[in-house]
Amino acid sequence: MMCLNLTRYEEDILRGKHGEAKQLAMRIIAKIAESMGAEGLVEIVSVQAMAHFGSLHIAGRDWLEKLACMGGKCCVPTTQDPSSIPFEKWEEMGYDSEYSENQLRLRDAIIKLGEFPAWSCTPYNQGSVPRFGQNVAWAESSAVIYANSILGARTNRTPAGLAICAALTGRAPGFGMYLEENRRAQIRVNVEAGALSDLDYNTIGIVLGKTVGNKVPALFGIPQSATNDNLKYLGASAASSGSVALCHIDKVTPEAIMGDPFRGEKPECELTIDRRILDETAASMCAPPHGQPDLVVTGCPHSSASEVLKIGRLLEGKRIKPGKGFWIFTNYETDSLMRRMGVVQQLEQSGVKMMVSTCLVISPLVGAYRTLMTDSGKFASYLPSEHSVGLIYASIEDCINTVAE
Ligand code: F3S
């Protein structure tokens, strides 16, 4: 294809030697690569795709069904973001049946295409873990920043339509974060806020996204004791309040451990995040109408086993107050693990609802809730506008103390 350097295998796909679906997918990849000025394609080892009706709508449903009818099959391990309905609870919770039917058709399509039905935004907690330096094509922005920064793998913020093409061909357009020169840090960020709470990591991410936009920051002052969950929230918040795809962290992330994240060049600018900035930003995330929250939502990105365990401990001997709700968003694997420990049963007895395989940003809010409360910077960024609700942004301990007794 004209100015692109393609391998024999890639050219064969374009000529239709590997079937109609792969050919169509490769045409799209090649067009995007050309329009982005890429010299060629990169080989990828996994895909995080999207198949939620809340974003894909009828057009996206038809697109995936068409590829499945054409005989398309994923040739690399492919997972996908959460569904727009909780598959096991949508009827009992009163989700609209036409909407749900569309989501079920999308579920059928991805199975035919050979995707693993993971339905989670944390594929790295479910066995999809690329090694340092490997290329992947991931679509979920919180997973993209995690892959690039924490794992040292390489991916752009892949659009949903392109992700499935990458899954069918094992290739992605070679531009952006796949190229070494684009991974250099551009902005130095000093975190000087004393001891950091779990909520602070979310808030640092929010500040980062709002100030650096789509540039690559290098953070200094994050302790090596930061957990993977802390870093997950920092990245998810930065990728949602801005469009950060890669964030180096001094002494923590692999490319910053291996060498100078600025690659010998001077940072374009330097900024400091102190305690005042963190507290003011946290306060600014609350959205009116406040009043008393009627629903706590946590697990954005999906809660890990450690987080569910922690909530179980905090709620031991307590119950969610009448008229209030507490929803934990997580994936099948975490739910299953916590069930085997008896934690989910205890949480359900306390009045907690496990929202497995789904996400509140990309699904309807079922129930008459006016003010939500969350410990997630990404939920806080999106939920007030998505569902026209008030929002209180606070630590998980405060969330529990507010709605449980
Ligand atoms: Fe995951 Fe939905 Fe949050 S996809 S990162 S729970 S917005």
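Overview of results
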{"read-out": "Neighbour-count order for Met341, Met26, fewest beta carbons within 10 angstrom listed first", "value": "Met341, Met26"}
{"read-out": "Total charge dipole magnitude, the stretch 295-403, about the Cα centre, Cβ charges on Lys, Arg, Asp, Glu only, Debye to nearest 20", "value": "280 debye"}
{"read-out": "Cut-off under 5 Å, modelled amide H: who pairs with Phe326 long-range", "value": "Val296, Lys353"}
{"read-out": "Among Tyr95, Asn190, Val76 the positive-end extreme of the charge dipole of the chain (Cβ point charges)", "value": "Val76"}
{"read-out": "Beta bridges by DSSP in the stretch 40-178, antiparallel share as percent, to the nearest 5", "value": "35 percent"}
{"read-out": "Amide H contacts of Arg171 (H built 1.01 Å from N, under 5 Å, at least 5 apart or other chain)", "value": "Ile44"}
{"read-out": "Relative packing of peptides 266-277, 179-190, 143-154 - highest average C-beta neighbours within 10 Å first", "value": "143-154, 179-190, 266-277"}
{"read-out": "Neighbour-count ranking [beta-carbon atoms within 10 angstrom, fewest first] of His302, His52, His387", "value": "His387, His52, His302"}
{"read-out": "Per-residue HN-Hα couplings for the stretch 179-189 [Karplus 6.51, -1.76, 1.60; θ = phi - 60°; Hz; x = Gly/Pro]", "value": "9, 3, 5, 8, 9, 6, 5, 10, 10, 8, 10"}
{"read-out": "Percent of beta bridges antiparallel (DSSP, the chain, rounded to nearest 5)", "value": "10 percent"}
{"read-out": "Per-peptide average of other Cβ atoms within 10 Å, ordering 251-262, 91-102 highest first", "value": "251-262, 91-102"}
{"read-out": "Protection-proxy order for peptides 59-67, 388-396, each taking the mean of Cβ atoms within 10 Å per residue, highest first", "value": "388-396, 59-67"}
{"read-out": "Candidate aspartates and glutamates for bridging to Lys321, where Cα separation is under 12 Å - those fewer than 8 sequence places away on the same chain excluded", "value": "Asp294, Glu405"}
{"read-out": "Cys3, Cys399 arranged by Cβ crowding within 10 Å, fewest neighbours leading", "value": "Cys3, Cys399"}
{"read-out": "Cα gyration tensor category, rounded, prolate or oblate, for the stretch 191-239 with a/c compared to 1.5", "value": "prolate"}
{"read-out": "Residue-count net charge about Val144 - beta-carbon cut-off 11 Å; Lys, Arg +1, Asp, Glu -1", "value": "+1"}
{"read-out": "Percentage relative contact order, the chain, counting C-alpha pairs under 8 Å, at least six apart", "value": "17 percent"}
{"read-out": "Cβ-based net charge around Lys215, under 15 Å, with every Lys or Arg adding one and every Asp or Glu removing one", "value": "+3"}
{"read-out": "Across Lys324/Lys378; Lys89/Lys378; Lys215/Lys266; Lys210/Lys353; Lys31/Lys73, pairs whose alpha-carbon gap is larger than 26 Å", "value": "Lys210/Lys353"}
{"read-out": "The stretch 305-369 versus the stretch 188-204: alpha-carbon centroid distance in Å", "value": "27 Å"}
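Coordinate-derived values only; no laboratory data. Everything quoted here is computed from the prediction, not taken from an experiment. Note: ideal-geometry Cβ built from the backbone for every residue, glycine included; neighbour counts use all protein chains shown.
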